[in-house]
1. If you roll a 1.4 angstrom probe over the protein chains with everything in place, what fraction of the accessible area of the chain belongs to carbon and sulfur, to the nearest %?
2. If contacts are Cα pairs under 8 angstrom and at least 6 residues apart, what is the relative contact order of the chain in percent?
3. Out of all Cα-Cα pairs in the range 153-312, roughly what percent, to the nearest whole number, are more than 29 Å apart?
4. Take the alpha carbon gyration tensor of the range 119-231, find the square roots of its eigenvalues, order them as a ≥ b ≥ c, and report rounded if a/c is under 1.5; if not, report prolate when a/b exceeds b/c, else oblate.
5. Please give the calculated 222 nm ellipticity per residue for the chain, where each DSSP H segment of at least 4 residues contributes -39500 (n - 2.57) and the sum is spread over every residue; nearest 500 deg cm²/dmol?
6. Over the chain, with a Gaussian network built from C-alpha contacts below 10 Å, which listed residue (TYR284, TYR199, TYR45) shows the highest mean-square fluctuation?
7. What distance in nm separates the two pseudo spin-label positions at ARG256 and GLU180, each 7 Å out from Cα along the beta-carbon direction?
8. Consider the candidate values (1) 48, 27, 14; (2) 31, 23, 16; (3) 40, 20, 18; state which one is semi-axes √(5λ) of the Cα gyration tensor in Å computed from the structure displayed.
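The values are calculated or read from the model by the stated rules, or taken from the named source; none is laboratory data. As the structure is a prediction and not an experimental result, all values here were calculated from the model. Here Cβ is always computed from backbone atoms with ideal geometry, including for glycine, and neighbour counts include all displayed protein chains. All accessible areas refer to the heavy atoms of the entire protein, side chains included, with ligands and DNA or RNA removed. Shrake-Rupley method; radii C 1.70, N 1.55, O 1.52, S 1.80 Å.
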Amino acid sequence: MKFLAQRGERISGPTVRPLTVDDDADLLSLIGRSPLANLFPLEHYERIGLPRPSFLTRMHSASPFVGVFEPAERGAEVGLPVLAGAFWLGANLVPIHLERQHFPRVADYVLRTRKQPASVFGPADMVMPLWERIRGSMPLPFDVRPDQPFMSLANPEAARRAAQRETARGLSPVRWAVAEDLDALLPASVSMFTEEVGYSPMERNPQGYTERVLDSARTRRSVLATDPEGNVIFKTDLGLTAGDMCQLQGVWLAPRLRGRGLSEAFLAQACELIAPRFPRISLYVNDYNGPARALYRAVGFERIGTFSTILM
């Protein structure tokens, strides 16, 4: 398999290679087709960008942004290759934009790298066909979640009404977490993670997870509410941010307070707090989590697509 299609080289079919700064505009154009769904690659693009062309570009590790190039038709002749698809291949495998004819080449590229991503996630119409082509060469997944409603806050007025409802006497309104909240925030974060994924993050990498929670508090990417004793009873995180967009993750209410209608008011208050920084708020949820889906609809979220997640 040819690894790199040099500019000016004629190719007869899709070619897959790591992207460079020469591909900046084309990559952003692909991301911009579905910016909310592509928040993960967009945040990482803003952090690390693309490397300059060099010999390293020929190597699989040159950049986690990988492109699919197709020949451009120029009348009866084949022109220079153009970027027609892209995906992220790092610790995770994340499709950005892939079409049906791209999946065989992309699957072949992924398998040739011998990488074993911790997860595959993103729009279901790209994740599931790609997963079908690589699953036989990957470890058995921990969990496969093919239908995860992808939602955005489409009705801010509903959120405002919910935020104005009285929550419960003695419970604080939501606020941004700070570093000093770590001792109270960490148990809530561990509880949320364990419920969502099925195991405690403290079993595998306690120091790393603690640092992650602390960093979220330091950078104003966690929102919480506490009880009179200072225990965190509600939390959510800005898992991804870029431009005026964010994606909520880890929405959690203390089990002892569930069933009392508090989640709606707390989440609505969180959205009101977040919106001045990131007015375009999104999230995705497991299809089998009926209570969470009802909560998000009540706060003003509407389904705009479907995600899938494969957890290794």
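1. Its accessible area is 50 percent carbon and sulfur atoms.
2. Relative contact order, the chain: 21 percent.
3. Across the range 153-312, Cα pairs with separations above 29 Å total 13 percent.
4. It comes out oblate by the Cα gyration axes.
5. The helix contribution divided over the chain gives -10000 deg cm²/dmol.
6. Greatest mean-square fluctuation among the candidates belongs to TYR199.
7. It is 2.4 nm.
8. Only one option fits the structure, namely (3).
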